[in-house]
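I have placed the structure first, in the form of structure tokens, so that the comments after it can refer back to it.
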Amino acid sequence: MTATETYRLTQFAHGGGCACKIPPGELESVVAGLVPTAPLQGAGGDLLVGLEAGDDAAVVRIENGTAVVATADFFTPVVDDPYDWGRIAAANALSDVYAMGGRPLVAVNLLSWPRDVLPFDLAREVLRGGLEVASSAGCHVAGGHSVDDPEPKYGMAVTGLADPQRLMRNDAGRAGLPLTLTKPLGVGVLNSRHKATGERFAQAVDAMTTLNREASERALAAGAACATDVTGFGLLGHLHKLARASGVTAVVDAAAVPYLDGARDALAAGYVSGGTRRNLDWVRPHADLSAVPEDEALLLADAQTSGGLLVAGEVPGYPVVGELVPAVAGVTVVVR
């Protein structure tokens, strides 16, 4: 029996994947006001996208009509297989660049490892998975940083390039635009079931390891200027942030939202993460959820890992799940 077969990585962490994020409400209170109060002297470019609207990555304009996109993302094991975990974590980190309309250029690994508990053969498999996905994206991987940690964690810091005139950002949504979702929801409840039972869900792994490169390229080609990726805060959470930043209200057609096979069964069996429940609690005061039952609202708030893009605009090949409308006082999201 190999080390990969002996150890269940999800049992060495209190949470899994993007569901282990700090709750959005708590995070916003921590970072509130942490923005420069005056232009930064001696900076090497203009900061186009920073902290203010909760975007997926930072963007700095440099010379020759180029923008640099910078992000970092890492998390505890979302699946037991170390190679798959590495692939998922890399796809998730690269997604932040795609969500801004950029293309990844170079990444460095971020690895935390309980060196006295888990063999380094497993860490090597994690890194191999990350390297494979980054390479498939045409992104260099050049070293990184590691620490001894009681819980295993892995991800990447990624630098990309973008056209500063063709960015996709949270605050560029406009009333009248449709909302497109480029991956089905449901990986959160399936991952919770995997952690609890050891069942493997190939459809969830396939979704999480699929790059958002093609979706980003199609969105840009369609003229989209507003997008985010759907990760730990769930569809409702990320949509709340987008609508709030854009000064509009988002209307979701619950019947149009696609889900992975098995997601509803996992929900019915009770495999809902604490992160998903916190997402719903955070959004509820700003949302009208009266048209759907609680279980449907939980699925819409399901904490995703390496989810798809949520685009303000119609993107060929992907389902439209709602629209942006003029702002309704006190309400950022309406589910029908």
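The values are calculated or read from the model by the stated rules, or taken from the named source; none is laboratory data. Note that the structure is predicted; figures quoted are calculated from it, not measured. Positions of Cβ are generated from backbone atoms using ideal geometry, with glycine treated the same way; all protein chains shown enter the neighbour counts.
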Q | Leading residue by the ranking (surrounded by the most Cβ atoms within 10 Å (Cβ to Cβ)) among those in the stretch 129-151 that are within 21 Å of THR10 (Cβ to Cβ) and either touching a helix residue (DSSP H, G or I) at 6+ places or on another chain (Cβ under 6 Å) or hydroxyl-bearing (Ser, Thr, Tyr) (or both) | A | GLY130
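Here's the yes/no breakdown for (1) farther than 21 Å from PRO319 by Cβ; (2) modelled with pLDDT of 95 or more; (3) not polar (S, T, N, Q):
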site	(1), (2), (3)
ALA207	no, yes, yes
ARG213	no, yes, yes
LEU239	no, yes, yes
THR249	no, yes, no
ALA269	yes, yes, yes
Q) Is it the case that the stretch 316-330 has a residue that's in contact with a Gly (Cβ under 8 Å, 6 or more places away or on another chain), surrounded by fewer than 20 Cβ atoms within 10 Å (Cβ to Cβ) and closer than 20 Å to GLU52 by Cβ? A) yes
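Residues checked against (1) modelled with pLDDT under 85; (2) β-branched (Val, Ile, Thr); (3) surrounded by 11 or more Cβ atoms within 10 Å (Cβ to Cβ):
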| site | (1), (2), (3) |
| --- | --- |
| MET1 | yes, no, no |
| TYR7 | no, no, yes |
| VAL30 | yes, yes, no |
| VAL35 | yes, yes, no |
| GLY44 | yes, no, no |
**Q.** Candidate set: the stretch 166-202, residues that are of a type outside the set (Asp, Glu) and either free of Cβ contacts under 8 Å to residues at least 40 places away in the same chain or on the phi > 0 side of the Ramachandran plot (or both); chosen: the one surrounded by the most Cβ atoms within 10 Å (Cβ to Cβ)
**A.** GLY186
Q.
Going through ALA291, ALA255 one at a time, which residue ends up being at pLDDT 95 or above, closer than 24 Å to TYR318 by Cα and either of a type in the set (Gly, Ala, Ser) or not assigned by TED's automatic domain parsing to the domain that holds GLN203 (or both)?
A. ALA255
